[in-house]
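First the structure, in the form of structure tokens, and then the observations on it.
The values are calculated or read from the model by the stated rules, or taken from the named source; none is laboratory data. Only a predicted model underlies this, so the values are computations on that prediction, with no experimental measurement involved. Every residue, glycine as well, gets a Cβ built from its backbone with ideal geometry; the counts of neighbours run over all protein chains shown.
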Amino acid sequence: MKYWAGILCLTIACVKPTLKEVNLIPKPQKIEIKDGAFSLNFNTDLIFDSLFYQEANYLKELLNLKLNGKNNTIELLKKEGLQEEEFFLNITKETLKLEASTPTGIMRGVQTLRQLLPTKTNVVTTKIPCVSIHDYPRFSWRGMLLDCCRHFMEKEFVMRYIDLLAYHKMNVLHWHLTEDQGWRIEIDKYPKLTEIGAWRTEKDGSNYGGFYTKEDIKEVLDYAKKRHVTIVPEIEFPGHSVAAIASYPYLSCTGDSINVGAEWGVYKDIYCAGNDSVFTFMEDVLMEVMELFPSKYIHIGGDEAPKYRWEHCEKCQKRIKEENLHDAHELQSYFITRIEKLLNKNGRKLIGWDEILEGGLAPSATVQSWRGEEGGITAAKSGHDAIMSPTSHCYFDYGLDATDLKEVYYYEPIPVELTKDEAKHILGGECNMWSERAPQELVDNKVFPRILAMCEVLWSDFEKDYDDFYSRVQKHYPKLDFLGVNYGFESVPITSKVVFNNNIFTVSLIKGSPNMKLEYSINNEPWKKYVSPFSIDSTSNLKAIGFKNKNPYGEFEQELIKHKATGKKIHYNIPYDKSYQGNGDRNLTDGLLGSTENFRDGYYQGFSGTDMEVIIDLDKITTFSTIQTTFFQYYLSWIILPASISYYISEDGENFEEIKSIINKTPIMQEGKFKHSFLFEKENIKAQYLKVIAKTIGKLPEEHPAAGSDAWLFVDEIIIN
Ligand code: ACM
Ligand code: ZN
């Protein structure tokens, strides 16, 4: 007998699914893998508490159950005393038992079950490993913002995202519905909002736009409700309102007729805060919004509202006086507080971006912290709730050079500055998918796989282990394939580290993911396998390509410029901005140039509102004949070429002589993104020190959408030859 029992154990051990086969994202709080499997088949029965009728229907459809007879059973049972989203999933060979206190808890468990299913179309007649799971979320707000304004997204696409959120236990879709570039929600009382405001004329003359009818929205809401995902609509006040003003010009300070925005960025035309009909409009719109959306929270934006118009508007100034306000910031606070009263009167709560803190926070507002963590910290310390979505970790419209999978995974939503009690005000977090550079077909590529890290940050509550997470992500990809997700890279696939020493560049190529292989080519010579750092001793073009699982995985190209200042020390008389440091103190002489596509590529150094003033030490008296400093301009991101640039030389580092001053002639509002070099040529210049002063234009001018804000200087290299 003993002998046979031994054989039996051995057999079971062989078929016992390993922990690796049970691959869940987000990782459950508690999981125990058992022997054997539950055989799901046509005859599997489904019994459920009547409270879970909807969820049972969802599951029946999902599993294609015919409920033909009694064989084994799925049970959805009520268990008293659990938190809203908490559940127990206990799978034995005979029974698949899911228990929760609420339908939401059951739905979270159903999604876990969904991840346990094999990735093939017909899921009936399959084996589900025996596991015992007890799961619940760390945070109650686990959201994603979807901007359907900069690019309109079809309602089917929005529903698909709701499903993908549910699959990963995210529970909030923050639906961004109004913007400068498009108003997307039908409002009966103001039909022009969608007749005019939903459409913009693109640069090529084409008409772009779209909107959701109330019926569309009800359909989307119904779809979300089924999956226990809350939709929080965002209707922006008082900024990002150009589309509304284009529809009803009386809503602005000037009353001038303007076009729906066709450029990205921030516009200075915002709702007039001195005009009572603006508040009537706001109330009418929000009443219709509340009629449609059942969410406790209504997001009212509040971000990026330049005060330029208000400062120059008689009506706004009159309001400031009458209401005893100090300035335009307090006027914004007045505006938001009026919205809050309306929402509260209707049993709703206001949430807004962290700018709503400026000039005083509305009494019971929730703050969404995006410009770093400070907004969330200030809110929590003053007893207000906060949602964390700092640009440092949560902006999935940003490139992987700004935020990659690992960085998102290591994001901690509770700032260290908060006490335990204050931390209770952090309801959770959101990843933000702004769509300026992402029409619907590119959204998957930006959101996935980073959202896998985000859902785990917000759901799971244990010590981080990136290796474990990373290996689960690899096994999760077939599930994403099955769901038709067109996911992107995990990090920038190929980067380089270039050091200039002893007159040569030493180049290390860095793989963005383990298991990658790299090849490179210098000046289009034959490709070589990359094994270790290599040297380059002259100005060159470097290309690299990557492979993962034998498939192409990323490309890389870099120009290395060897010139007389390469690698030389720079002294900064004015410090560069911490947010755009580039390559630090070596940036301007590192021999590496920035691109025109992406000013966040790490090769630019930024100066906000200040001049640039640097001194390069060439180590010894050197003869040269050209000086060339290259700046970047993109007026919509407030990055403007310097007004002028001056070159000075010195032999001792103390007495400088101006050798050239160049006035910039490129218009501030010139279209597009481009680089411009300020070149000076003269035979036989002799100096050890070169001082370069680039004068900022200072504040953005009247004609700029963000008039009055500080302009940026962006510079990549000072080339001396
Ligand atoms: C924001 O990204 N402007 C909230
Ligand atoms: Zn005004």
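Some values worked out for this structure:
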| read-out | value |
| --- | --- |
| Contacts under 9 angstrom Cβ, first residue in the range 575-602 being in contact (Cβ under 8 Å) with a residue 60 or more places away in the chain, partner in a helix (DSSP H, G or I) and crowded, with 18+ Cβ neighbours inside 10 Å, 6 or more apart | Gly582/Leu588 |
| Hits in the range 512-523 (condition: closer than 22 Å to Asp404 by Cα, without any contact (Cβ under 8 Å) to a residue 40 or more places away in the chain and assigned to a loop (DSSP other than H, G, I, E, B)) | Asn515 |
| Positions within the range 668-695 being over 23 Å from Tyr648 (Cβ atoms) and of a type outside the set (D, E, K, R), in sequence order | Ile668, Met669, Gln670, Gly672, Phe674 |
| Answer residue from the range 366-382, given it is crowded, with 17+ Cβ neighbours inside 10 Å and among the hydroxyl-bearing types (Ser, Thr, Tyr) and is farthest from ligand 1 (Cβ to nearest atom) among those | Thr378 |
| Which numbered condition Thr391 fails, given (1) in contact with a His (Cβ under 8 Å, 6 or more places away or on another chain); (2) surrounded by fewer than 23 Cβ atoms within 10 Å (Cβ to Cβ) | (1) |
| Condition check for Phe293: away from ligand 1 (no atom under 16 Å from the Cβ), among the aromatic types (Phe, Trp, Tyr), touching a strand residue (DSSP E or B) at 6+ places or on another chain (Cβ under 6 Å) and modelled with pLDDT of 95 or more | yes |
| In the range 385-428, the residues that are assigned to a helix (DSSP H, G or I) and either among the hydrophobic types (A, V, I, L, M, F, W, C) or in contact with a Gly (Cβ under 8 Å, 6 or more places away or on another chain) (or both) | Thr391, Ser392, Cys394, Leu405, Val408, Ala423 |
| The range 362-379 residues that are within 16 Å of ligand 2 (Cβ to nearest atom), paired with ones that are at pLDDT 95 or above (beta carbon under 8 Å, 6 or more apart) | none |
| Inter-residue pairs, beta-carbon under 8 Å, first away from ligand 2 (no atom under 15 Å from the Cβ) and in the range 237-249, second in a helix (DSSP H, G or I), 6+ apart | Ala243/Leu193; Ser247/Lys192; Ser247/Leu193; Ser247/Glu195 |
| Residues located in the range 115-150, provided they are basic (Lys, Arg) and at pLDDT 95 or above | Arg138, Arg142, Arg150 |
| Single residue of Asp385, Asp354 found to be within 22 Å of the chain's Cα centre (by Cα) and away from ligand 1 (no atom under 16 Å from the Cβ) | Asp385 |
| Of the criteria (1) polar (S, T, N, Q); (2) surrounded by fewer than 16 Cβ atoms within 10 Å (Cβ to Cβ); (3) at pLDDT below 95, which one Ser637 fails | (2) |
| Only one of Thr696, Thr666 that is surrounded by 17 or more Cβ atoms within 10 Å (Cβ to Cβ) and touching a Leu at 6+ places or on another chain (Cβ under 6 Å) | Thr696 |
| Which numbered condition Pro526 fails, given (1) in a strand (DSSP E or B); (2) of a type outside the set (Gly, Ala, Ser); (3) modelled with pLDDT of 95 or more; (4) surrounded by fewer than 17 Cβ atoms within 10 Å (Cβ to Cβ) | (1) |
| Among the candidates Leu343, Leu331, residue that is hydrophobic (A, V, I, L, M, F, W, C), in a helix (DSSP H, G or I) and within 16 Å of ligand 2 (Cβ to nearest atom) | Leu331 |
| Counted residues, the range 263-279 - those being in a loop (DSSP other than H, G, I, E, B), buried (at least 19 other Cβ atoms within 10 Å of the Cβ) and not small (Gly, Ala, Ser) | 7 |
| Residue match in the range 281-303 (condition: within 30 Å of Tyr634 (Cα to Cα), part of a loop (DSSP other than H, G, I, E, B) and either away from ligand 2 (no atom under 12 Å from the Cβ) or of a type outside the set (D, E, K, R) (or both)) | yes |
| Inter-residue pairs, beta-carbon under 7 Å, first among the aromatic types (Phe, Trp, Tyr) and in the range 297-320, second surrounded by 21 or more Cβ atoms within 10 Å (Cβ to Cβ) and assigned to a loop (DSSP other than H, G, I, E, B), 6+ apart | Tyr308/Lys268; Trp310/Cys253; Trp310/Ala273 |
| Wholly within the range 157-259, strands (runs of 3 or more DSSP E) carrying at least 1 residues that are under 30 Å from Phe87 (Cβ atoms) | 172-176, 230-237 |
| Residue in the range 150-165 that is surrounded by 18 or more Cβ atoms within 10 Å (Cβ to Cβ) and more than 22 Å from the chain's Cα centre (by Cα) present | no |
